[in-house]
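Since the structure comes first, as structure tokens, the remarks are kept for the end.
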Amino acid sequence: MHRLLVATLPILFLSACASPAPVTQTTPSTASVEQPAATQWLSDVRTISDAGENAQRREAIAARLDALGVNWRKAPFEASGKAGENLIAEVSGAADAPLLLIGAHSDRVAVGHGATDNASGSASVLALAERFQRQPLKHHRVAIAFWDLEEEGLLGSKAFVADGSTKPALYVNFDVFGWGDTLWMMAPGQAQAALVDSSRTATQALQLGFSPGEQYPPTDHLPFLRAGWPAVSYSLVGADEITQVLAAYAGKKPHTPAKVMRVIHTDQDVIGQIDAAAAVRGVDAVERALRDWDAKGVTASPTTTSESSR
């Protein structure tokens, strides 16, 4: 999650986050080990977060893509005086079908291991790739992307959009997907009402909370929206965290900063914060939502960025 853009938050909020209260670390739950999907997801998070520098994180993702047997490619770019490298993989579907692109940023900041931000999002994309490879969608082809240099200003996703050669029917972003009881969805206006409805139905079936809306932290959905390309983003957090983060955006000082703001970009962003069972339930919900959206034959509408989602 690109925290440099969050610098527009009020100074009081930033000072509250500057000396974060300790966050309890836990061993990934026993329930996780009993679920094959959760076990694989947690293994992916661990492998990516233990990999070290961003290039090694990409290598870990590439090895997982090889194991899945999907075709992938490197997409190098230069932006703002920095060299980066996105990974793009084709998962399933007919070449002439509308494209559903699912992505997450693979890079991390120097401090911590980037387990929550954003190995959790990358692992969720890998989980969906495996599922859509095994059972393709009916009306959309699926590709996945892992963006580099999100933490430097969304540079990888900006480079992809600027290239303009592959415009998806919809881009679905994952950022911070490591724990919690609520699926937080960035959904601009009424443009993605069908997917919002599908997400609501899916979360209700799985007894997850659901919070859709335009107010959402800045991450890789933004370059798509600013280009008028359809996009949404998902996070998995605690319901109380959403209230705290949005309160901070409104200029209020939460008594205790949200857990996510005490973990990301700190030395506490490690595997011990992760709840694999919760995360896979969130992945289950998004899979159900996307399959329902696809089954309806929905074509996503172009969108523009409102001030609340910038």
Original post:
Taking the stated definitions as given, is Arg200 of a type in the set (Lys, Arg), modelled with pLDDT of 95 or more and in contact with a strand residue (DSSP E or B) (Cβ under 7 Å, 6 or more places away or on another chain)?
Top reply: yes
Subject >> Which listed residue, of Ala104, Ala94, is touching a strand residue (DSSP E or B) at 6+ places or on another chain (Cβ under 8 Å), surrounded by fewer than 24 Cβ atoms within 10 Å (Cβ to Cβ) and at pLDDT 95 or above >> reply: Ala94
**OP:** Sort out for me the strands (runs of 3 or more DSSP E) sitting completely within the stretch 81-198 that have 2 or more residues that are out of contact with any helix residue (DSSP H, G or I) (no Cβ under 8 Å at 6 or more places or on another chain).
**Re:** 82-92, 99-105, 141-147
Subject >> Candidates Pro188, Pro230, Pro212 - the one that is in contact with a Ser or Thr (Cβ under 9 Å, 6 or more places away or on another chain), at pLDDT below 95, of a type outside the set (A, V, I, L, M, F, W, C) and closer than 23 Å to Arg291 by Cβ >> reply: Pro188
**OP:** Evaluate the following for Pro136: is it closer than 24 Å to Ala63 by Cβ, surrounded by fewer than 24 Cβ atoms within 10 Å (Cβ to Cβ), without any contact (Cβ under 8 Å) to a residue 60 or more places away in the chain and touching a strand residue (DSSP E or B) at 6+ places or on another chain (Cβ under 6 Å)?
**Re:** yes
**OP:** Would you mind stating whether Arg73 is crowded, with 19+ Cβ neighbours inside 10 Å and either under 21 Å from the mean Cα position of the chain (by Cα) or on the phi < 0 side of the Ramachandran plot (or both)?
**Re:** no
Subject >> Output for the stretch 32-79, where each listed residue is hydrophobic (A, V, I, L, M, F, W, C), over 21 Å from Gly112 (Cβ atoms) and assigned to a helix (DSSP H, G or I) >> reply: Val33, Ala37, Ala38, Ala62, Ala63, Leu65, Ala67, Leu68
**OP:** State which residue pairs qualify: first residue within 24 Å of Leu99 (Cα to Cα) and inside the stretch 169-182, second residue aromatic (Phe, Trp, Tyr) and not in a loop (DSSP other than H, G, I, E, B) in any location, beta carbons under 6 Å apart, and separation of 6 or more residues or different chains.
**Re:** Tyr171/Phe224; Phe174/Tyr234
Original post:
Quick one: is Ala83 in contact with a strand residue (DSSP E or B) (Cβ under 9 Å, 6 or more places away or on another chain) and without any contact (Cβ under 8 Å) to a residue 12 or more places away in the chain?
Top reply: yes
Original post:
For the stretch 67-77, which residues satisfy the criterion of being in contact with a strand residue (DSSP E or B) (Cβ under 8 Å, 6 or more places away or on another chain) and without any contact (Cβ under 8 Å) to a residue 12 or more places away in the chain?
Top reply: Pro76
Original post:
How about the stretch 109-118: which of its residues are touching a strand residue (DSSP E or B) at 6+ places or on another chain (Cβ under 9 Å) and more than 14 Å from Ala278 (Cβ to Cβ)?
Top reply: Asp117, Asn118
Subject >> Within the stretch 199-234, considering residues that are assigned to a helix (DSSP H, G or I) and farther than 18 Å from Ala285 by Cβ, the one nearest to the chain's Cα centre (by Cα) >> reply: Leu222
Original post:
Given the structure, is Arg131 closer than 29 Å to His265 by Cα and of a type in the set (Lys, Arg)?
Top reply: no
**OP:** Looking for whichever is buried (at least 17 other Cβ atoms within 10 Å of the Cβ), in contact with a Pro (Cβ under 6 Å, 6 or more places away or on another chain) and not charged (D, E, K, R) here; the options are Gln244, Gln273, Gln192, Gln268. Which one fits?
**Re:** Gln244
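The values are calculated or read from the model by the stated rules, or taken from the named source; none is laboratory data. Keep in mind it's a predicted model, so treat the numbers as computed, not measured. Cβ coordinates were reconstructed from backbone atoms using ideal geometry, including for glycine residues, and neighbour counts include every protein chain displayed.
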